[in-house]
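Derivation of every value follows stated rules applied to the coordinates shown; laboratory data play no part. Just so it is clear, the structure is predicted and the values come from calculations on it, not from any experiment. FYI the Cβ positions are ideal-geometry reconstructions off the backbone, even for glycines, and counts take in every protein chain you see.
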């Protein structure tokens, strides 16, 4: 039964990591993978849980920071969004877009994205927008008419 428990933890953490891309659930899954191997060896559940906690804590403390440093771009936080292939793309607001505390949703090229207003003002549903910058899965947008160059 414990083997099944660890398989569920591995699958759930893998799905969570795919969704968040934060490199946190990944190491929970790594710990569960080691605990799975320990369970196959016949260890008691308390021993398995201890192994899981120790491996997860160790990888989160030592491996995750190195992986984040290697995988993230310099200035890899929301204070330093960057230009991407989505920069300059046009879309439409699906859910009202506000500042970083009140994000909304936009559709760009048929895909739904989390979005925040570049100016920090609210952008109403169905407003055409243009992407000005992005970080991760968050796009900074502004109304398309405001982004158009003036003649």
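Need one number: nm distance between label points at residue 54 and residue 24, each 7 Å from Cα along Cα→Cβ, rounded to one decimal.
Result for the modelled spin labels: 2.5 nm.
Take every Cα pair under 8 Å in the range 90-147 that's 6+ residues apart, average their separations, divide by the length, and report that relative contact order as a whole percent. Please list the in-between numbers first.
On the way: 148 pairs, mean separation 19.3, N = 58.
The normalised contact order for the range 90-147 reaches 33 percent.
Round to the nearest 10 and give me the degree value, 0 to 90, for the angle of helix 25-40's Cα axis relative to the longest principal axis of the chain.
Rounded to the nearest ten degrees, it is 20.
Can you list the equivalent-ellipsoid semi-axes of the range 2-71, largest first and in whole Å, using the square root of 5 times each Cα gyration tensor eigenvalue?
Values: eigenvalues 102, 38, 9 Å².
Ellipsoid half-lengths, sorted descending, are 23, 14, 7 Å.
To the nearest 10 degrees, how steeply does helix 2-20 sit against the main Cα axis of the chain, on a 0 to 90 scale?
For 2-20 against the chain, the angle is about 20 degrees.
For labels at residue 87 and residue 15 in the simple 7 Å Cα→Cβ model, what's the distance in nm?
3.6
Name the shape class, rounded, prolate or oblate, that the alpha-carbon gyration tensor gives for the chain, where a ≥ b ≥ c are the square roots of its eigenvalues, rounded holds for a/c under 1.5, and otherwise prolate holds if a/b is larger than b/c and oblate otherwise.
Details: a/c = 3.97, a/b = 2.67, b/c = 1.49.
Note, shape of the chain comes out prolate.
Below 8 Å, C-alpha to C-alpha, sequence gap of six or more: please give me the relative contact order for the chain in percent.
On the way: 243 pairs, mean separation 23.7, N = 151.
Worked out over the chain, it gives 16 percent.
In a GNM of the chain with a 10 Å cut-off on Cα contacts, which of 42, 120, 136 has the highest mean-square fluctuation?
Maximum fluctuation in the GNM of the chain, among the listed residues, is at 42.
Taking only Cα atoms, what is the 0 to 90° angle, nearest 10, from helix 45-58's long axis to the longest principal axis of the chain?
Helix 45-58 and the main axis of the chain meet at about 40 degrees.
Quick one: 36, 90, 135, fewest Cβ neighbours within 10 Å first, how do they rank? It would help to have the intermediate numbers written out before the result.
Details: 36 22, 90 14, 135 19.
Least crowded to most crowded, the residues run 90, 135, 36.
In deg cm²/dmol, rounded to 500, what helix-only [θ] at 222 nm does the chain give when every DSSP H run of at least 4 residues adds -39500 (n - 2.57) and the total is split over its residues? Walk me through the numbers before you get to the answer.
Numbers: 5 runs with 61 residues, N = 151.
Dividing the helical sum by the residues of the chain leaves -12500 deg cm²/dmol.
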